Structures are given as C-alpha cells and as structure tokens.
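Okay, so here's the structure we're looking at.
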Amino acid sequence: QVQLVESGGGLVQAGGSLRLSCAASGWTFSTYAMAWFRQAPEKEREFVAAISWSGTIYYLDSVKGRFTISRNNEKNTVYLRMNSLKPEDTAVYYCAVVGGTYYYTHEYEYDYWGQGTQVTVSS
C-alpha cells in the first residue's frame, strides 16, 4: 500500500522559513515524479512545485526565488524549503507522486497523496 507522510509544517512569522518533508513508501515504481500542492481556506488546491525523476523542476510563479523543491531518491523523500514566507502562503500543503519520468502541474495527474501538513504564516 502506497503511503506518503508529510512533516515539517507549523506556525511561523512572516519572513521566516520552514522545510517540509514527504516520505513515500509501499510502491514499485522504478521512476516517479513528486510535487507539492497547497490549499488555503475556501480556495481550490493549487500547484506549488514539482520535480521530475531526472531533477527537472517547475514552480508556481509566486513562490519562485523563495521555495526550493528537492528529492532524495534513496530515501524516496521530497522536500520543500520555504523561505521569506508570507501570510498568503498559509495553507495545508500536500505532497503527491506519479509514476514515470515527467512532472505535471495538474492535481488529477497524480496517483497518490499525503494527508497534508498545515503551514500558518502570521503577519
């Protein structure tokens, strides 16, 4: 059974930093892409960042230069380093995985999801 477990969320003041982790287990994909999405209260879930199997990366425009996605294939783990956080970054952050070599920016492309971790940025 595939499981994705996120950690690292919390409460931080504006301008602060957090690092999210997502550890994956239980699948047999030989290659896979990983991504982060977020959902703010009363808003739809939106794409934040993705990384392909080969390391190609794509970001939501509003987080470019502030967020960094990375992965450790030996540990089946994806990370999201978030710097210069803003109140508008407040949301539940979800990691997602899809088998294959390419990343996607639409949530319907992803096969497996974590339970989410809350990030709250105070002003």
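The values are calculated or read from the model by the stated rules, or taken from the named source; none is laboratory data. Given the structure is predicted, the values throughout are model-derived calculations rather than measurements. FYI the Cβ positions are ideal-geometry reconstructions off the backbone, even for glycines, and counts take in every protein chain you see. In case anyone asks, the SASA skips ligands and DNA or RNA and just uses the protein heavy atoms, side chains included. Shrake-Rupley method; radii C 1.70, N 1.55, O 1.52, S 1.80 Å.
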From the option list 13, 1, single residue qualifying as surrounded by fewer than 12 Cβ atoms within 10 Å (Cβ to Cβ), farther than 13 Å from residue 95 by Cα, polar (S, T, N, Q) and in contact with a strand residue (DSSP E or B) (Cβ under 6 Å, 6 or more places away or on another chain) is 13
Give the number of residues within region 17-64 that are loosely packed, with under 13 Cβ neighbours inside 10 Å and in contact with a Leu (Cβ under 7 Å, 6 or more places away or on another chain). 1
For region 16-123, which fully contained strands (runs of 3 or more DSSP E) count at least 3 residues that are free of Cβ contacts under 8 Å to residues at least 60 places away in the same chain? 18-25, 46-51, 57-59, 67-72
Residue count for region 1-15, restricted to those that are small (Gly, Ala, Ser), part of a loop (DSSP other than H, G, I, E, B) and out of contact with any Ser or Thr (no Cβ under 7 Å at 6 or more places or on another chain): 0
Scanning region 99-121 residue by residue, those among the hydroxyl-bearing types (Ser, Thr, Tyr) and open to solvent by less than 40 Å² (accessible area, probe 1.4 Å) turn out to be 110, 117
Within region 73-98, which residues are open to solvent by 30 Å² or more (accessible area, probe 1.4 Å) and within 27 Å of residue 31 (Cα to Cα)? 73, 74, 75, 76, 79, 81, 92, 94
